[in-house]
Amino acid sequence: MTYKVIVTATAEQHVLDACLHYEDQLAGLSDKFLYELRVAYDKIASHPEYYGFISPKDKFRDIRIHKFPFVVIYEVLHDAVVVMAVFNTNRKPITWLI
């Protein structure tokens, strides 16, 4: 079963901020970030249960984005995966959960 991936407005803003940052660093780097993000989305659409829980009540899971210091934080709801955040791991993760 393939799950539908729904990206919240908050997560979309995180992606936009990251892309702007990476494009300032090096032309084309945001394209590489978006490619790796798409790979992560495809993985959680196919097998969202493969990735571990990160919240105390087993609600949210995360997957690392290859080559970048980000994780995708998501929740599985019926036949959909809801992306809550695309979080920079250089920040304290607990700040997102509070």
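Please count how many residues of region 27-37 are hydroxyl-bearing (Ser, Thr, Tyr) and buried (at least 18 other Cβ atoms within 10 Å of the Cβ).
As a first pass, look at region 27-37 and keep what is hydroxyl-bearing (Ser, Thr, Tyr): 30, 35.
If we keep only those that are buried (at least 18 other Cβ atoms within 10 Å of the Cβ) as well, we get 30.
So the count comes out to 1.
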Cβ-Cβ under 6 Å pairs, at least 6 apart or on other chains, region 12-35 side under 19 Å from Arg64 (Cβ atoms), far side in a loop (DSSP other than H, G, I, E, B) and not polar (S, T, N, Q): Phe33/Phe68
Out of the residues in region 38-60 meeting the condition of being among the hydroxyl-bearing types (Ser, Thr, Tyr) and touching a residue at least 24 places away in the same chain (Cβ under 8 Å), tell me which one is surrounded by the most Cβ atoms within 10 Å (Cβ to Cβ). Tyr41
Among the helices (runs of 4 or more DSSP H) contained in the chain, which hold 2 or more residues that are in contact with a helix residue (DSSP H, G or I) (Cβ under 7 Å, 6 or more places away or on another chain)? 9-25, 29-46
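A short reminder: the numbers here are calculations on the coordinates, not readings from a lab. In this text the structure is predicted, and so the values were computed from the model without any measurement. Quick reminder, even Gly has a Cβ in these numbers, built from the backbone with ideal geometry, and neighbours come from all protein chains shown.
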